[in-house]
1. Do we have ASP179 as farther than 21 Å from GLY101 by Cβ and assigned to a helix (DSSP H, G or I) here?
2. Look at LEU268 and say whether it is touching a Leu at 6+ places or on another chain (Cβ under 9 Å) and at pLDDT 95 or above.
3. Kindly indicate the residue of the stretch 4-35 that is among the acidic types (Asp, Glu) and more than 20 Å from ARG107 (Cβ to Cβ) and also nearest to the chain's Cα centre (by Cα) among those meeting that condition.
4. Pairs needed: first member in the stretch 161-188, within 21 Å of ALA311 (Cα to Cα); second member anywhere, in a helix (DSSP H, G or I) and among the acidic types (Asp, Glu); C-beta distance under 7 Å; at least 6 residues apart or different chains.
5. Scan the stretch 25-37 residue by residue and report those that are outside any loop (DSSP other than H, G, I, E, B) and either crowded, with 19+ Cβ neighbours inside 10 Å or of a type in the set (Ser, Thr, Tyr) (or both).
6. Of the numbered conditions (1) within 25 Å of THR111 (Cβ to Cβ); (2) at pLDDT 95 or above; (3) buried (at least 21 other Cβ atoms within 10 Å of the Cβ), HIS295 fails exactly one; give the number of that condition.
7. How many residues are within 23 Å of the chain's Cα centre (by Cα) and assigned to a helix (DSSP H, G or I) if we restrict to the stretch 252-283?
8. Can you pull out every residue in the stretch 103-128 that is crowded, with 24+ Cβ neighbours inside 10 Å and farther than 17 Å from LEU160 by Cβ?
Amino acid sequence: MTPTERRLAAVWAPLLGVDADAIGRHDHFFDRGGSSLQAVTMVLRLGKEVSLSEVTRHPVLADLAALIDQRPAPTTGLLHALSDPGEGGRGTLVGLPPAGGHAVNFRPLATALRGSGLAVHAVELPGHDPDGGDGALAGLDEVADRVAAEVADRAAPVVLWGHSAGAAMAVAVARRLEDRGTPARRVVIGAQLLGDADARRRDAAELAARSDADLLAGNAVQPHLDPRSAARAAAAFRHDCLAAHAYLVGALEDPPAVRLATPISVVLAADDPSTAGREASHRDWALFARHVELHVLDDGGHHFLRTRPAAAAGIVRTAADLVPAS
């Protein structure tokens, strides 16, 4: 191992619960059991030598060490590959993360989709990296334009997955893809119901008034964040929620003149407190699309992308027409 590889192994070891000597230079951080929260902790323990988006793109120890040693020019695109390029060829899944989230939130789903023939990419939103190296927060319309331009070049069929607040972005990207003449095969909306305009305005007002500490309460990585990084994480979460509320309130008050031909699949977990008991409300998404269907998981909570990745992968396979619909 190079000196940088040995230093990385020493940082990985306590996060993965193994001895540094048990980590090889070709080991994959997420395949060894690393989570998105542990990836953030890694970035902070490395003194922000690398960004979270770089860890997502270079999860193999030797590759990440080479990045540190060589410092190549950063990638400017918003889409980050989460699957081996060799797995592509039968289509593309593009993940739009939840409020304050990152491309790495879709890593468990990408792992569960190995061998499916789908290339898996996810969006790294500007202004979300805890080290502040990825620029300022950007508006929903600007990001949707950029994502649609990048998605249009990916292998079809394309499935968009917008999780929680990312649902608004997924619908906005789907609209732009249809306008470009390169429609997605399907939009998957995870852990989110449309609701009504008044309720969303109330939620937005309450959110705007909450403190940063309140927004981050319960976040397992919060104790490892310095004050500046914590402020950035809270700002990103607040920004994403408010942007989603504004976009959806606008549509509720002034419905789209033309609905999407791209079908929507709504995926909810029965034990998600934010949606439990209101599964029938999935039909409200018909405001945006001509066809809307529902999938309900027995459990998994709000973050079922992490807790039930295999079940989520099965829904993606069906959405991409890789298996017959049940």
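1. Answer is yes for this residue.
2. Spelling it out, LEU268 is indeed touching a Leu at 6+ places or on another chain (Cβ under 9 Å) and at pLDDT 95 or above.
3. Out of the qualifying residues, it is GLU5.
4. Here the result reads ALA165/ASP240, each pair linking the stretch 161-188 to a residue that is in a helix (DSSP H, G or I) and among the acidic types (Asp, Glu).
5. Correct list: SER36 only.
6. Only one criterion in (1) within 25 Å of THR111 (Cβ to Cβ); (2) at pLDDT 95 or above; (3) buried (at least 21 other Cβ atoms within 10 Å of the Cβ) is unmet by HIS295, namely (3).
7. 2
8. Result: VAL104, ARG107, HIS128.
The values are calculated or read from the model by the stated rules, or taken from the named source; none is laboratory data. Computed from a prediction, not measured in an experiment: that's the story for all the values here. So basically every Cβ, Gly included, is an ideal-geometry build from the backbone, and we count neighbours across all protein chains shown.
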